[in-house]
Amino acid sequence: MHIHILGICGTFMGGVAALAREAGHRVTGCDANVYPPMSDQLRALGIDLIEGFAPEQLALKPDLFVVGNVVSRGNPLMEAILDAGLPYVSGPQWLAENVLAGRHVLAVAGTHGKTTTTSMLAWILEAAGLQPGFLVGGVPQNFGVSARLGRLGAPGERTPFVIEADEYDTAFFDKRSKFVHYRPRTAILNNLEHDHADIFPDLAAIETQFHHLVRTVPSQGRLVVNIREEALKRVLARGCWSPVQHFGARKEEPGALRARGEPHAFDVLRGSLKVGRVEWSLLGEHNQLNALAAIAAAEHVGVTPAVAAEALGRFENVRRRMELRGEAGGIKVYDDFAHHPTAIRTTVDGLRRRIGDQARILAVFEPRSNTMKLGTMKSQLPWALEEADLSFCHSGGLGWDAAEALSPMGKQARVYGSIPELVDAVVRLSRPGDHVLCMSNGGFGGIHTKLLDALAAKKA
């Protein structure tokens, strides 16, 4: 089959393209911007890419158009497809029908930590010899690719497939969350708070989508649920038809998995019984919770907590999760994907735990996500940045006053309208021994390289 993918360079749709190619389909695709590294990855797989959405692409005559959620009405190629009455389908639906059907799907849902937890779970199953398929919204460093089919097995055999289960909408013609298509037998509900303000008016609207996900899990399936989250308790109270494995209990609780010890070295307990131990390089209580979720989900496909915990000791985190990009002039520069206030706070806190109270943290961030651009959560930014010594905000493209939002922080926060101004300020105010933490869900204008170059020049 020849499929043509609209919006192919997004992380999810790029993963769909890679899976389709691995399954033997001819794959072509287009996007508004075709650029490395995704373009290089796709072309290396033998996928032809076209920049833009010109209607002339109908001449390719694919058997099916697969439409990403970046495509809206008014898109010239999509309008031509509709006018011609040609077959089209969303990425999640194609994936569900052509890859996930008949598999034991392990879906990882939550506002935060999906990519990291999905990568942990895939690695645990790989280390246990299960050869899982997976689709991750990033590149797990244990694998070096964001998606693969994994072992397919004999007819009737449910081989595992691990998928990052995003609550964002599916397509312009299907406003359900992506994850309702996946029909998991194991579903992690990691955490839940308001996000994606461009499509969800409030937390209750997201809870409804999570309830729809719960409805798809069979009675022989399993829900792996963070016991600390009140929003998830409300979701389950609306109806639950599957066994529930809780994790994250703060004290001994029958059957629930919990951690004892610091996030970088801790025992895994079920009730009062030690069932495993994790020693690794990851930071922060959030990653400790991610680990418990992955361990609990892996147990549902036969991997013991002891084996899972040992595997996590060899886990290499996804790129752009507290990734050290370099050091210049005695100053370390990190890159992190954090963009929601809660994620920013946990990321800064994780770094603080690692370096102690004596070293300085310079937090450099841009409110780039759709939710942050709307200003929905701007009031939470001072709370998110509490543990940083200085904070630098890139305000370009915002429709709200970043300086006003950060004013409770006083001289601790500074706002700049351009990347060069931001870089100059960080370089001027930094000193040897500092840790510069850059946070964005985009490329941030290549700020990490710019900072390292400028810091090296300052030293010279």
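The values are calculated or read from the model by the stated rules, or taken from the named source; none is laboratory data. The structure presented is a predicted model; accordingly, all values stated were derived computationally and were not measured. Methodologically, a virtual Cβ is constructed for each residue, glycine included, from the backbone with ideal geometry; neighbour enumeration extends over all protein chains shown.
A few comments on the model shown:
- The condition of being under 24 Å from the mean Cα position of the chain (by Cα), in a strand (DSSP E or B) and hydrophobic (A, V, I, L, M, F, W, C) holds for only one of LEU223, LEU269, that being LEU223.
- Any chance ALA122 is within 26 Å of GLY24 (Cβ to Cβ) and in contact with a Leu (Cβ under 6 Å, 6 or more places away or on another chain): no
- For beta carbons closer than 7 Å, sequence separation of 6+ or different chains, a first residue in region 313-329 that is among the small types (Gly, Ala, Ser) and at pLDDT below 85 and a second that is buried (at least 16 other Cβ atoms within 10 Å of the Cβ) and part of a loop (DSSP other than H, G, I, E, B), there are no qualifying pairs.
- Residue ID - modelled with the lowest pLDDT, chosen from residues in region 420-445 that are in a helix (DSSP H, G or I) and touching a strand residue (DSSP E or B) at 6+ places or on another chain (Cβ under 7 Å): PHE444
- Residue match in region 49-69 (condition: outside the structural domain of ALA297 (by TED's automatic domain parsing) and within 20 Å of the chain's Cα centre (by Cα)): yes
- Boolean, ILE295 is crowded, with 19+ Cβ neighbours inside 10 Å and over 28 Å from SER407 (Cβ atoms): yes
- From the list LEU86, LEU82, the lone residue that is at negative phi, part of a loop (DSSP other than H, G, I, E, B) and either modelled with pLDDT of 95 or more or not assigned by TED's automatic domain parsing to the domain that holds ASP174 (or both) is LEU86.
- Under the condition of being free of Cβ contacts under 8 Å to residues at least 60 places away in the same chain and within 20 Å of GLY433 (Cα to Cα), the residues counted in region 352-408 number 12.
- One residue alone among SER395, SER369, SER418 is closer than 22 Å to HIS286 by Cβ and among the polar types (S, T, N, Q), and that residue is SER369.
- The criterion of at least 1 residues that are among the acidic types (Asp, Glu) is met by the following helices (runs of 4 or more DSSP H) wholly inside region 294-391: 305-312, 341-355.
- The C-beta contact set for region 108-121 (first residue in contact (Cβ under 8 Å) with a residue 60 or more places away in the chain and under 15 Å from LEU223 (Cβ atoms), second residue among the acidic types (Asp, Glu) and assigned to a loop (DSSP other than H, G, I, E, B), distance under 9 angstrom, 6+ apart or interchain) comprises ALA109/ASP166; ALA109/GLU167; GLY110/GLU167; GLY110/GLU229.
- Filtering region 298-336 to residues that are among the polar types (S, T, N, Q) and over 30 Å from VAL423 (Cβ atoms) leaves only THR304.
- For LEU106: the one exception among (1) under 30 Å from ALA44 (Cα atoms); (2) in contact with a Phe, Trp or Tyr (Cβ under 6 Å, 6 or more places away or on another chain): (2)
- Of all the numbered requirements in (1) assigned to a helix (DSSP H, G or I); (2) among the small types (Gly, Ala, Ser); (3) more than 30 Å from LEU232 (Cα to Cα); (4) at pLDDT 95 or above, SER39 misses one, and that requirement is (4).
- Unique residue being surrounded by fewer than 22 Cβ atoms within 10 Å (Cβ to Cβ), closer than 27 Å to ASP336 by Cα and not small (Gly, Ala, Ser) when the list is HIS300, HIS264: HIS264
- Yes/no for ARG21 being basic (Lys, Arg), touching a residue at least 24 places away in the same chain (Cβ under 8 Å) and closer than 22 Å to GLY144 by Cα: yes
- Residue in region 443-457 that is among the polar types (S, T, N, Q) and either touching a helix residue (DSSP H, G or I) at 6+ places or on another chain (Cβ under 9 Å) or surrounded by 19 or more Cβ atoms within 10 Å (Cβ to Cβ) (or both) present: no
- Meets criteria (over 30 Å from LEU192 (Cβ atoms), surrounded by 13 or more Cβ atoms within 10 Å (Cβ to Cβ) and within 23 Å of the chain's Cα centre (by Cα)) for LEU42: yes
- Picking from residues in region 272-292 that are among the polar types (S, T, N, Q) and within 23 Å of the chain's Cα centre (by Cα), the one that is surrounded by the fewest Cβ atoms within 10 Å (Cβ to Cβ) is SER281.
- The residues in region 305-342 that are surrounded by fewer than 21 Cβ atoms within 10 Å (Cβ to Cβ) and among the hydroxyl-bearing types (Ser, Thr, Tyr) can be counted, and the count is 1.
- Which listed residue, of ARG353, ARG345, is more than 20 Å from ALA187 (Cα to Cα), in contact with an Asp or Glu (Cβ under 9 Å, 6 or more places away or on another chain) and surrounded by fewer than 17 Cβ atoms within 10 Å (Cβ to Cβ): ARG353
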